[in-house]
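Written below as structure tokens is the structure these notes are about.
Read-outs: derived from the displayed coordinates by stated rules, not from any lab. This is a predicted model, so every value here is computed, not measured. All Cβ positions, glycine included, derive from the backbone under ideal geometry; neighbour counts span all protein chains shown.
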């Protein structure tokens, strides 16, 4: 499989493990006295699964397996695929930090970091679709 | 990929853009409140990304790559039926929530979605088989 696919899939596996870790932390809340930021982790938990793992493994496998775009650009523009990777992961990591931090800390900057996280992930989505759409071809 | 897979995947990508855009707005609204009505996008965000994107993409790829009989994919009519049923169901569920339609319209949307999934399972079941036939 192409190096970029390996990067997407290995990163997605890290998010899967992280999601289970956060899920475990959430179930421990009634039993242990945990820091307040844990209360802001429920949406982070869902998105570690659905964006970090599911979406990222789909992006990686689609980049590898979808019909070739052309002989010159078999997998489309690699710059777009790489942009998808970095925008998605920087955006998601920013969310993982800023969303629970906003629950426990009144600094207004957290809000703007969340906006930035949203914008980066949205751009990652657009880059993925732009690079994938032309590869959805009937045989 | 076959024509039906291309339609499934294209539709899935459209839902992906819509669902991701709604998700981006919802997340941004958590950081810096945009508008009180932004939260009304949440059910559509979930519906579009879980059913419109993820399930539909899985159906498209499954129709393409599951084992065949020589080159034939068996009875493709149920799989073709899945496409309008699933998409009608998704939109009915979303619009019923947004426009406060009567409760039965959302139930109808779920019935369409369930029928879509059952139709696809009907098509795919015999294709889950060894590559080489005995």
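Key figures for this structure:
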read-out	value
Base-10 log of normalised Debye intensity for the protein assembly as shown (one unit scatterer per alpha-carbon) at q = 0.09, 0.11, 0.12 Å⁻¹	-0.48, -0.71, -0.84
Cα long-axis angle, helix A:3-27 against chain A (0 to 90 degrees, to the nearest 10)	20 degrees
For the range B:1-71: rounded, prolate or oblate by the Cα gyration tensor [a/c cutoff 1.5]	prolate
For the range A:26-77 and the range B:24-84, distance of Cα centres in Å	16 Å
Kirkwood Rh and Cα Rg combined as Rg/Rh, the range A:43-118	1.14
D (Stokes-Einstein, µm²/s), Kirkwood Cα radius, chain B, 1.306 mPa s at 10 °C	99 µm²/s
With Cα atoms, 0 to 90° folded angle of helix A:78-104 axis to chain A main axis	10 degrees
Residue A:78 paired with residue A:34, simple spin-label distance in nm, labels 7 Å along Cα-to-beta-carbon	4.1 nm
Folded to 0 to 90 degrees: helix A:56-65 orientation relative to chain A principal axis, Cα	10 degrees
Gyration tensor verdict on the range A:89-139 (Cα atoms; rounded if a/c is under 1.5, prolate if a/b is larger than b/c, oblate otherwise)	prolate
Two-site FRET efficiency, residue B:103 against residue B:46, from Cβ-Cβ distance with R₀ of 22 Å, rounded to 0.05	0.75
Gain in span if fully extended, residue A:93 to residue A:119, counting 0.36 nm per residue against the direct Cα distance	8.1 nm
Mean residue ellipticity (222 nm) of the protein assembly as shown, computed from DSSP H runs ≥ 4 via -39,500 (n - 2.57), nearest 500	-22500 deg cm²/dmol
Largest-first principal axis extents of the Cα set of chain A (Å)	58, 30, 23
Two-site label geometry, residue A:68 and residue B:10: point separation in nm, points 7 Å out along Cα→Cβ	2.3 nm
Choice from B:34, B:18, B:42 showing the highest fluctuation, given a GNM over chain B with Cα pairs closer than 10 Å	B:34
Among A:67, A:100, A:30: highest mean-square fluctuation, GNM of chain A, C-alpha pairs under 10 Å	A:30
